[in-house]
Amino acid sequence: MPSLPALNNNKTRSRPMGGTFPLLRAPRLLVGLLIALCVGALICALIAIIWQAADLFGNPKTSSIDIFHLLRMSAIQAGLSVLLAFVTGSIVAIALTRLTFFGKPFVLAFLSAGLVLPTLVVAFGLLAIWGRAGLINDIGQSVGLGKLPFTIFGLQGILAAHTILNGSFAARIFYDRLQALPSASLKLGQSLGLSEWQRFTILDWPVLKSAMPGLGATIFLMCFTSFSVVLLLGGGPANATFEVAIFEAVKLDFDLHRAALLAAAQLAFCLFIIIPTAGLKSNSVLIGASQNHLWAATGKVKWIIGALLFVLMLTYASPLLIILYEGFDPAIFKLISSRKFLNALATSCVIATASATIALTCAMLLAFARAELIYQNAGATSTNILRTVISAPVFAYLATPSIVLALGFFLLARFAGLDTSKVGIYVVVIANALLALPLANATLGPPVEKIANKHFRLVKSLNINGWRRFRFIELPLIRKECAYVFALGFSYSFGDLGVIALFGTDDFSTLPWMMYRALGAYRSNDAAMLAAILLFIAVFSFYIFPKILGGRDNAHLQ
Amino acid sequence: MSLKKLTIAALITLVPFASTAVANDKPTLTIYTYDSFASDWGPGPQIKAGFEATCNCIVDFVGAEDAISALRKAQLEGDSTKADIILGLDTSVAAEAKSTELFAAHNTDLSALKLPIDYTSDQFVPFDYGYFAFVYRKSDFPNAPTSFEDLDKAGEDFKFVIQDPRSSTPGLGLVLWAKAAYGDDTAEMWPDLKDHILTVTKGWSESYSLFLDGEADMVLSYTTSPSYHKIAEEDDNYAAAIFDEGHYLQIELAGVLKSSKNQELAQSFMKYLVSQDAQKIIPTTNWMFPVVELEGGLPEGFATPLTKEQTLLLDDQDVGANTKAYIDAFFAGIE
Amino acid sequence: MLTFNRVEFAYPKTTPYHFDFRVNRGEIVGIAGASGSGKSTLLDLVAGFQTPSSGQIELDDNSLLRLAPEERPVSILFQKDNVFAHLTAAQNVQLGRKDYINTSEKLAEVGLAGFENQKCASLSGGQQQRVALARTLARNQPILLLDEPFSALDGDTASQMRDLVKNLVKQHNWHAILVSHHSQDFDALADQLFNLKDGRLEAVVR
């Protein structure tokens, strides 16, 4: 137990009390650091072991890969995707805070669903709307308007798919943050008659801005390493990715040195994004207890943002709705009663539950460790370094191609003397947990730090530590977020197709894997039904987990 | 607390996966193959049943993403690999596979096999073959293209979809096909065609879905793809465009690993694989041509094999040595 | 004169509120009552965040109910969050007005001369309340709603603030409603005092 520090009444609460090594007195900090270091070490081990294996199985060949070209193209694409996700996401979030309408809870549950589906499914949904043979062209032609003047293939298609996947997630995060504005501030603003522009710049913008670095880094990395969408909608090799180059190195050439180098290069570039954001404090100046005061828009503004919301939600949701529609087939009952389906469903549920639990636990412990820096009141420089050390590894998995993850885990198991045919499920669980961790971290970090900022004096003076702090202070206040993170982690690994594709077999099958195999065996009808089921489960889990785990006060999720 | 319950449930359900011990005295023949071969819809289950009926053994198909992944997996596992056989490699990676020196001689008599062109290898047994081709809907094309050049003349809006040669077998097949048909002239051909390429997908599945959804007019696939629609779906609207230049042949191969402790068993599986019993399973499960003349002939409605004159195939050694250069030239051409 | 004329209001499934009272010019009416008794709801009705189901709220015979919150002649002082912490004191004061005003003058009036360019985040709780009061001055609206404005302040600061508020209300002839838990607030400020219980106001005789 750390000794009780003198109560620090100074408003600016600057000076340390923990000496040079405050972490030695803070078990939570140690646990968080340990997790972060393990995660980081695992990444390094995965790449290193591939490099190591290259000496055993080396097969070096020359390559004409232009790394800088790949980097530039991926960075431009990812940067634009972040921009679009932010613009559309903040418009939707702002509109939702200003409007109240029938079906709003459903819209909110829907907002996270796009992100967690296999990207391939969303891309095909997008095509079913905007493609050459899509709904819009069908309607356009039947009413005599002709075809769309543009094609969805190319950079525009990639950006559209990424915006649907990430924009709705950004909207969800932004909305939650805006909901946490103190109701006094909202009432005050309303009473003062702030104009819409003033409301945006004074109230909304600081909130949105504070959420942007963590969210932006996450979205950037997901788009930077996006693979199947880029290839499917890219319209040609100009939009190739690192991942294809690594595929080539591993499969065709069996040049593991190059594979490891490419993975390291991608990771190194991503660190330029990760390091600066990892050190940032979440700006919680404007985040307070929410009483959900609705400052509704009126008059012209109401109609304008209502229309914007409608159009954007339609854009987000239509590719998903059409997946549901196309999967609706009487044969679905035969499918869902088949043994293969039930097995895959069970496996999916186990994997998703396990990896959601791991992701939630890790995210919580990491958030507690960062919050501990506030409780321990450590000096500014060491705080920033520690924050970075704790936060950075969380993102690193997003920056690691899934084929490298799979290959690395495979080699780790082999060198550890494990039966490589049986580690599949553990690898999939761990990999999915770690892939969901950045999202979990972005959701859970700010509220935990907010609690620390708000209550640290009281907590320190009463010496509420460890389990008691968790049970009585933190858990009741972050239960809602925990439930959301669990739902996120659950459906994220439920929808995974990246890792399972490298480990799935006939005996070890998940629903997305079953879907992909159906697609590969001409069974596009089965695939459509499975896609619809996946989407349904994703939306449903965002509805049900907050209900089960979120306690009574889960108004913002219902 | 519900959270705790969920964690416990997760742990309990995870345990069975950890312990799938098989208690049996019969030897197990482990075959690494590509996933769709091993899947329910593929030939795997029937072949397994067929061979197990006579061998007093257990056949275990282990699916990997594709055949080359299966080979790489066995390579990485080294001496400790459980694999006895790698099944599904093809002529475009045969040289690469051979160079790993992992494969033993198969000692199977291949003289009775009926392939469009002679294929001899002392390490690999051919078990089926097919031709890469562009598949289209008959209703879209009264006059189907009959050459690569025709693809360029099919109209401005005409789009076809292909696969990345670095991650997909047909994708690589296309590059070799063009090379075999046009030699160095491919450098001039690709730039003409690039405007018609809808996109280059990672795998065959994505491409074929784009085609089925109507996003593309044609898809790079096999001459036997329309047979699926005709036989399994009773839909006669699909056809493969037959090109005057000929079609590139893909022969699928199986090989026994030197490291296998079941050499005899593996060799007898090779013999079974090219027997009438196994070969008659191939057409309507793997949608490829069998390597022997089936006693009852090909199933009703199945595609017919092309003639020797229509068949293109580059030499294994040429492919092994130059694949990278061909792929680079392909990308340079369509960039 | 601010009048509540048989104002009725109810949240779903709760006892309805009934308010019937008046506030004269330059007068401070205190509202006491247990937590959750509806004190803040009363203020919300004046400010326009809630609408009564029946009855009338009038200022000098003009109904307030037709007006949107931003059109009501009302200033509010909460317990906290009265200022936008990332803006300067002067910016916070200027927010009260559409036209350009001399913010320094208003800040000086509440004892914050020279604090114009300080970010509110760096001010103490008491200073933040003063900035909010300066903004109330800048707005100079006839109605002032006080929602526990002294509760977060320490003894001396609170008593200084109470004096300041009292003087300003008298000086500018505002109609003020003070909601509080603390009897010393009422002792110092309230001209009339009501206790809110079971949805009704009972006059407290002192």
Semi-axes, largest first, in whole Å: what does sqrt of 5 times each Cα gyration tensor eigenvalue give for the stretch A:286-438? 36, 34, 14
By the C-alpha gyration tensor axes a ≥ b ≥ c (rounded if a/c is under 1.5, else prolate when a/b exceeds b/c, else oblate), the shape of the stretch B:46-131 is oblate
Using θ = phi - 60° and the Karplus relation 6.51 cos²θ - 1.76 cosθ + 1.60, list the HN-Hα couplings for the stretch B:293-306 in order, rounded to whole Hz, with x at every Gly or Pro. 6, 5, 4, x, x, 5, x, 3, x, 7, 4, 9, x, 7
Amide H within-cut-off set for C:Lys197, under 5 Å, with H built and near neighbours excluded: C:Glu202
Check which residues have an amide H placed less than 5 Å from B:Leu89's amide H, if you skip close sequence neighbours. B:Leu253
To make sure I understand the rule: partners must be lysines, Cα under 17 Å from the Cα of A:Lys104, and not fewer than 8 residues away in the same chain. Which ones qualify? A:Lys302, A:Lys547
Would you kindly compute the Cα radius of gyration of the stretch C:81-140 and its largest Cα-Cα separation (Dmax), both in Å? 9.7, 28
Cα atoms only, chain B: Rg and Dmax in Å? 21.5, 73
Expressed in Å to one decimal, the Kirkwood Rh of the protein assembly as shown from all distinct alpha-carbon pairs is 32.8
Calculated from backbone phi, Karplus (6.51, -1.76, 1.60) coupling profile of the stretch A:139-146 in Hz, x at Gly/Pro: 5, x, 6, 6, 9, x, 8, x
What FRET efficiency would be calculated for the residue pair B:Phe141, B:Asn56, taking the C-beta separation as r and a Förster radius of 56 Å, to the nearest 0.05? 0.60
Of all GluC sites (Glu not before Pro) in the stretch B:131-230, which ones are in loop regions per DSSP and have a Cβ with at most 16 other Cβ atoms within 10 Å? B:Glu156
Low-density loop chymotrypsin sites (Phe, Trp or Tyr not before Pro), the stretch A:145-231, at most 16 other Cβ within 10 Å, DSSP non-H/G/I/E/B, are A:Phe150
Could you tell me which of rounded, prolate or oblate describes the stretch A:485-548, using a ≥ b ≥ c as the square roots of the eigenvalues of the alpha-carbon gyration tensor, with rounded for a/c under 1.5 and, failing that, prolate when a/b is larger than b/c and oblate otherwise? oblate
Relative to the present Cα-Cα distance, how much length would full extension add between B:Asp109 and B:Gln276 at 0.36 nm per residue of separation? 58.7 nm
Over the Cα atoms of the stretch A:88-156, what Rg and Dmax result, in angstrom? 15.6, 39
Just order A:35-46, A:116-127 by mean Cβ neighbour count inside 10 Å, highest at the front, would you? A:116-127, A:35-46
Enumerate the calculated ³J(HN,Hα) couplings along the stretch B:164-173 in order (Karplus 6.51 cos²θ - 1.76 cosθ + 1.60, θ = phi - 60°), each rounded to whole Hz, writing x wherever the residue is Gly or Pro. 6, x, 7, 10, 9, 5, x, x, 5, x
Packing-based order for B:227-234, A:414-421, C:82-89, using average beta carbon neighbours within 10 Å, highest first: C:82-89, B:227-234, A:414-421
222 nm mean residue ellipticity, helices alone, for chain A (DSSP H n ≥ 4; -39,500 (n - 2.57); rounded to 500): -23000 deg cm²/dmol
Inter-label distance, nm, simple model (7 Å from Cα along the C-beta direction), C:Asp99/C:Asp187: 4.3
If you line up the Cα atoms of the stretch C:1-160 on their principal axes, what length do they span on each, largest first, in Å? 47, 34, 27
Qualifying lysines (Cα of each under 24 Å from Cα of B:Lys258; at least 8 residues distant if same chain): A:Lys251, A:Lys422, B:Lys26, B:Lys48, B:Lys73, B:Lys82, B:Lys98, B:Lys271
Gyration tensor verdict on the stretch A:126-261 (Cα atoms; rounded if a/c is under 1.5, prolate if a/b is larger than b/c, oblate otherwise): oblate
Consider a paramagnetic label point 7 Å from the Cα of C:Glu8 along Cα→Cβ; state which residues of the stretch C:47-66 have an amide N under 17 Å from it. C:51-57
In nm, to one decimal, how far is the modelled label at C:Gln56 from the one at B:Glu234, with both set 7 Å along Cα→Cβ? 8.0
Here the averaged projected area of the stretch B:110-263, based on the convex hull of its alpha-carbon atoms and given in nm², is 11.6
What is the stretch C:129-198's relative contact order, in percent, from Cα pairs under 8 angstrom and six or more apart in sequence? 37
Along each principal axis of its Cα atoms, how long is chain A end to end? Whole angstroms, biggest number first, please. 69, 66, 47
Restricting to Cα pairs under 8 Å and 6 or more apart, the percent relative contact order of the stretch C:81-140 works out to 48
I need to check one value: relative contact order of chain C, counting alpha carbon pairs closer than 8 Å and at least 6 residues apart, in percent. 31
Could you tell me the calculated FRET efficiency between C:Ala85 and A:Tyr325, based on Cβ-Cβ distance and R0 = 51 angstrom, to the nearest 0.05? 0.60
Would you mind checking which residues have amide H under 5 Å from B:Thr311's amide H? H placed 1.01 Å from N; only 5 or more apart, or other chain. B:His247
Under 27 Å Cα to Cα from C:Lys170, which lysines show up? Leave out anything in the same chain fewer than 8 places away. A:Lys187, C:Lys39, C:Lys80, C:Lys98, C:Lys106
Cα-only Rg/Rh for the stretch B:160-238 with Kirkwood Rh rounds to 1.01
Under 13 Å from the Cβ of A:Glu196, count the other residues' Cβ atoms, weight Lys and Arg +1, Asp and Glu -1, and hand me the total. +2
P(r) histogram, all alpha-carbon pairs of the stretch B:205-335 included - 5 Å bins from 0, percent: 2, 8, 12, 15, 18, 17, 13, 9, 4, 1, 0
How do the peptides A:181-189, C:117-125, A:202-210 rank, highest first, by the average count of neighbouring beta carbon atoms within 10 Å per residue? A:181-189, A:202-210, C:117-125
Taking 7 Å along the Cα-to-C-beta vector as the label spot, tell me the A:Asp507-B:Asp318 distance in nanometres, rounded to one decimal. 4.3
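Any read-out appearing in this document is the output of simple, stated calculations on the displayed coordinates, not a laboratory observation. The structure presented is a predicted model; accordingly, all values stated were derived computationally and were not measured. We place every Cβ from the backbone using ideal geometry, glycine too, and count neighbours over all the protein chains shown.
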